Amino acid sequence: MTHLIDIVGPIYQDLLKSCEKRKIAVNLDVQDLTLGIADPEPVQKFFKAEIRRALKNCDKGDKITISEADNDEFIKLSVKNSGRNTLLEAEKDELRVAGYEVRARFGYDTIISLKIAR
């Protein structure tokens, strides 16, 4: 079984390098990096796509946060960004159809989350 650290570690290191150049703050808010992930592919795909989206939406002074929350039933992984651009309704709908939770409103942070069963 793959651990969350094995997925997040390399992605986070790449994100730090990209954000340092662009003066974007990065926050890692993960409770347990040793969580077991049965199928790492969807998690990797989620993080790569949503971090790319966050980088695209952020400017100097913005912040990107990778977070995790879990309970007995599921693990919730999120990518949050404070960029000024929000998602279009079509983008939100497309993400929801793909199974993601989306919270995005103009003037507020954009948070896209993936829930996976334990």
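The values are calculated or read from the model by the stated rules, or taken from the named source; none is laboratory data. All values reported here derive from a predicted model rather than from experimental measurement. Note that each Cβ is placed from the backbone with ideal geometry, even for glycine, and that neighbours are counted across all protein chains shown. To get the accessible areas, we keep the full protein, side chains included, count just its heavy atoms, and leave off ligands, DNA and RNA. Shrake-Rupley method; radii C 1.70, N 1.55, O 1.52, S 1.80 Å.
Regarding the range 102-109, can at least one residue be identified that is open to solvent by 60 Å² or more (accessible area, probe 1.4 Å), touching a residue at least 12 places away in the same chain (Cβ under 8 Å) and among the hydrophobic types (A, V, I, L, M, F, W, C)? Yes: one or more hits. Looking across the range 73-100, just one residue is of a type in the set (Asp, Glu) and in contact (Cβ under 8 Å) with a residue 24 or more places away in the chain, and that is 73.
A single entry from 67, 18, 82 fulfils the requirement of being of a type in the set (Gly, Ala, Ser), open to solvent by 10 Å² or more (accessible area, probe 1.4 Å) and under 13 Å from residue 113 (Cα atoms): 67.
Would a scan of the range 18-31 turn up a residue that is farther than 17 Å from residue 63 by Cα and either modelled with pLDDT of 95 or more or outside any helix (DSSP H, G or I) (or both)?
Among the residues of the range 18-31, at least one is farther than 17 Å from residue 63 by Cα and either modelled with pLDDT of 95 or more or outside any helix (DSSP H, G or I) (or both), which makes the answer yes.
Condition check: more than 21 Å from residue 105 (Cβ to Cβ) and basic (Lys, Arg). Does residue 80 satisfy that? Against the criterion (more than 21 Å from residue 105 (Cβ to Cβ) and basic (Lys, Arg)), residue 80 does not qualify. Against the definition (under 15 Å from the mean Cα position of the chain (by Cα) and among the aromatic types (Phe, Trp, Tyr)), how does residue 74 come out, yes or no? Taking the combined requirement at face value, the residue does not satisfy it.
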